[in-house]
């Protein structure tokens, strides 16, 4: 895995899509922070991929919500399709930022997905 990490607030969580004839699921979520030019908002759209019977998306939705401050570890992936190239940010670990106030949920430290 890579050392790519972003800290920010979850601003959107899209519904999962079924891809490759139903063999896989993909969900996109957006994290925003103020690390843009001169403190401007900067958005990152991350993707979570799983096999159709996987639990990663369900676990993400169970332990994360819009407005929550998180740290995201991700890989940058590039794929070619019919001569066109596509780049995606593939999240592999999302956890509540340590600066957040403690909660009653013991799973908030690091979601198990």
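Here, each number is a calculation from the coordinates, and none is a lab measurement. All values derive from a computational prediction rather than experimental measurement.
Go ahead and estimate [θ] at 222 nm for the chain from helices alone: -39,500 (n - 2.57) per DSSP H run with n ≥ 4, summed, over the residue count, rounded to 500.
For the chain, the value works out to -2000 deg cm²/dmol.
So how much slack lies between residue 62 and residue 98, counting 0.36 nm per residue of separation and subtracting their Cα-Cα distance, in nm?
Stretched fully, the residue 62-residue 98 segment lengthens by 11.1 nm.
Report the semi-axes of the equivalent ellipsoid for the chain in whole Å, largest first, where each axis is √(5λ) for an eigenvalue λ of the Cα gyration tensor.
24, 20, 11
Want the number for residue 13 to residue 37: 0.36 nm per residue separation, take away the alpha-carbon distance, what's left?
Using 0.36 nm per residue and subtracting the Cα-Cα distance, I get 6.2 nm.
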